[in-house]
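For reference, the structure discussed in these notes is given below.
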Amino acid sequence: MSLLDTLEAGAPNRPEPGDMVLKAAATGIAVLDMSARAEESGTMANKLLPGLGPFLDRARQSGVPIIYTISLVARGGPHDRVAGPLKRAATEPVIYPDSFDKFIGGELDGYLRSKGVERLIVVGAATTFAVLYTVTTAARVHRYEVVVPMDGVLAATRYEQEYSFHQMTILPSGAAGRIHFTVLSRIGFE
């Protein structure tokens, strides 16, 4: 086997999105770091708004609980609110964890447990930081079944996006088996 063959054999895994029909009563959505800054054209998160807004509307109609995170450094500043196009309802909480892993501090897990969430959909930006670390903790530490809509998260480059997905497919201790990939339009609720 040549060096080139060895390198190709180690190329990142590319998960295939699947269809999903999820029980609304046991599903929750964590929207990561989609603050008012996402409304600024040219920002990475801005590219997610057209797909996430309608998806969150569908989830709300099915009674799926939604929680938002905003980085602690934005608290009290001009970006200290959820991006308007996501149409956050007053009953949907916003938390400000001081970490890429949004489970730090316990508020996220506490909210999800109080709502009976067993399956967590994670959307937002960036895939390389908040999404990757939060998904890892959700699956490995808290044992949630995690759904990652591949068009509901975004990294700065295609390479970073693909490598983040690859990382999620190789997590140890059975965590990778609890992470499922799809796209927003292929998620249904019952």
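The values are calculated or read from the model by the stated rules, or taken from the named source; none is laboratory data. Nothing here was measured: the structure is a model prediction, and the numbers come from that model. Here the Cβ is made from the backbone with ideal geometry for all residues, glycine too, and neighbour counts use every protein chain on show.
Here are G63, G10: which of them is surrounded by fewer than 21 Cβ atoms within 10 Å (Cβ to Cβ), of a type outside the set (D, E) and modelled with pLDDT under 95?
None of the other options fit; the residue is G10.
Report yes if T134 is touching a residue at least 60 places away in the same chain (Cβ under 8 Å), crowded, with 17+ Cβ neighbours inside 10 Å, of a type in the set (S, T, Y) and under 20 Å from L184 (Cα atoms), otherwise no.
yes
Filter the stretch 83-114 down to residues that are of a type in the set (A, V, I, L, M, F, W, C) and either under 16 Å from R60 (Cα atoms) or not in a loop (DSSP other than H, G, I, E, B) (or both), then give me how many there are.
Residues in the stretch 83-114 being of a type in the set (A, V, I, L, M, F, W, C) and either under 16 Å from R60 (Cα atoms) or not in a loop (DSSP other than H, G, I, E, B) (or both): 7 in total.
Being over 17 Å from the mean Cα position of the chain (by Cα), closer than 21 Å to H180 by Cα and without any contact (Cβ under 8 Å) to a residue 40 or more places away in the chain is the requirement here; does R75 meet it?
No; evaluated as a whole, the condition is false for this residue.
Run P12 past the list (1) closer than 16 Å to V153 by Cβ; (2) touching a residue at least 24 places away in the same chain (Cβ under 8 Å); (3) out of contact with any His (no Cβ under 8 Å at 6 or more places or on another chain) and report the number of the one that doesn't hold.
Every listed condition holds for P12 apart from (3).
For the condition under 24 Å from A26 (Cα atoms), touching a residue at least 24 places away in the same chain (Cβ under 8 Å) and small (G, A, S), what is the one hit in G105, G124, G84?
The unique qualifying residue is G124.
If you check V117, V148, which single one turns out to be assigned to a loop (DSSP other than H, G, I, E, B) and buried (at least 20 other Cβ atoms within 10 Å of the Cβ)?
Unique residue meeting the criteria: V117.
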